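Working notes, beginning with the structure itself.
The values are calculated or read from the model by the stated rules, or taken from the named source; none is laboratory data. It should be emphasised that the depicted structure is a prediction, and the values quoted were computed from it without experimental measurement. Here the Cβ positions follow ideal geometry from the backbone for every residue, glycine too, while neighbour counts run over all protein chains shown. Note: accessible area is taken over every heavy atom of the protein model, side chains too, but ligands, DNA and RNA are not part of it. Shrake-Rupley method; radii C 1.70, N 1.55, O 1.52, S 1.80 Å.
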Amino acid sequence: MKVTLKTTPSKESQVILDSLQKAVTQALERKRRLGQYAVVWRNGGPVMIGEDAPKVSENPFNRPTK
């Protein structure tokens, strides 16, 4: 997924975007510290990342990375 902004977001929108980014960053960091895997979007599809993520053969989401 590629998002291209054509205009600058309003101040209110920027506050919302910043809050969402902070929340996601904190959630991913928490999962990393707890040793849990996370599902993220890479190369046009979902990918499971982390030490305990299912292996490629067990993981229908993993795609080869470029």
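Between I16 and D52, residue separation times 0.36 nm minus the direct Cα-Cα distance comes to 9.8 nm. With each label modelled as a point 7 angstrom along the Cα→C-beta vector, the V40-L28 pair spans 0.4 nm. When all protein chains stay in place and ligands, DNA and RNA are ignored, the 1.4 Å accessible-area order of L34, L28, largest first, is L34, L28.
Of the trypsin sites (Lys or Arg not before Pro) in the stretch 1-48, the ones in a loop by DSSP (not H, G, I, E or B) with at most 14 other beta carbons within 10 Å are K2, K6.
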